[in-house]
Amino acid sequence: MRHYVVGFAHDGTRMAFIRKNKPEWQKGRLNGIGGKVEPGETYKDAMVREFEEETGTRIDSWTRICTIVFDESSDDPAVIAFYKTRVAPEVLDGLKTVEEEEVVINQSPIVSMALWPEQFIPNLSWLVPLAMYKYDNYSDFVIFGEVEYQIEPLTCHCIPGPHGGYTCETCS
């Protein structure tokens, strides 16, 4: 099973995205910034590293908002942990394209997704509003499956670990 992180950095109005080059179904579309979890890394450590690699800016204040598990019964088994962070406007202004995929600062992402949905990865229509939600007193939740989603409440943040077993950022 593969493990990924995706993060949404915003200043309350604007949000940073990356214009994807691959895979083919994402090519040219905007997505959150992230990548693969490396051996020995936690999801949060991977989020910090991937964001810095893609934008040139290190941000440590990530909050996990959602985890999607495409289990072994799917065509493409993976765990994707989604994060958010709210930053000062000057932090967004300082982000730059470091690797091959362009960093884009969208001025009004929720409106942009409504007007030009073809420019965004489809699941961002609900992930971006969740990431921009200003009240942080909610828990991460897990979605299992591809078509029918089963949401399970969590008392901690245990999900399938990137290195076998289960990890828990809250309990560990």
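The values are calculated or read from the model by the stated rules, or taken from the named source; none is laboratory data. Note that the structure is a prediction, hence the values are computed from the model and not measured. Every residue, glycine as well, gets a Cβ built from its backbone with ideal geometry; the counts of neighbours run over all protein chains shown.
Below is a table of values for the structure above.
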read-out	value
Hits in segment 61-85 (condition: hydroxyl-bearing (S, T, Y), touching a residue at least 60 places away in the same chain (Cβ under 8 Å) and either closer than 14 Å to L124 by Cα or out of contact with any Asp or Glu (no Cβ under 6 Å at 6 or more places or on another chain) (or both))	T63, T67, Y83, T85
Members of segment 11-32 found to be crowded, with 20+ Cβ neighbours inside 10 Å and within 13 Å of A131 (Cα to Cα), listed by number	M15, A16, F17, G32
Near pairs, Cβ below 7 angstrom, 6+ apart or cross-chain, from segment 114-141 (under 20 Å from T63 (Cβ atoms) and among the small types (G, A, S)) to any residue that is surrounded by fewer than 16 Cβ atoms within 10 Å (Cβ to Cβ) and at pLDDT below 85	S139/L154
Hits in segment 1-40 - residues which are closer than 17 Å to C66 by Cβ, assigned to a loop (DSSP other than H, G, I, E, B) and not hydrophobic (A, V, I, L, M, F, W, C)	G32
Qualifying residue in segment 140-154 (condition: among the small types (G, A, S), modelled with pLDDT under 50 and either more than 21 Å from I33 (Cα to Cα) or surrounded by 18 or more Cβ atoms within 10 Å (Cβ to Cβ) (or both))	yes
Some residue of segment 104-113 being free of Cβ contacts under 8 Å to residues at least 60 places away in the same chain and surrounded by fewer than 13 Cβ atoms within 10 Å (Cβ to Cβ)	yes
Number of the exception - R64 against (1) of a type outside the set (S, T, N, Q); (2) assigned to a strand (DSSP E or B); (3) out of contact with any strand residue (DSSP E or B) (no Cβ under 7 Å at 6 or more places or on another chain)	(3)
Exclusive hit being of a type in the set (A, V, I, L, M), over 16 Å from F17 (Cβ atoms) and modelled with pLDDT of 95 or more, set V69, V48	V48
Segment 114-124, residues that are among the aliphatic types (A, V, I, L, M) and buried (at least 16 other Cβ atoms within 10 Å of the Cβ)	I121, L124
Scan of segment 45-68 for residues that are surrounded by fewer than 18 Cβ atoms within 10 Å (Cβ to Cβ) and within 20 Å of M1 (Cα to Cα), ordered by number	D45
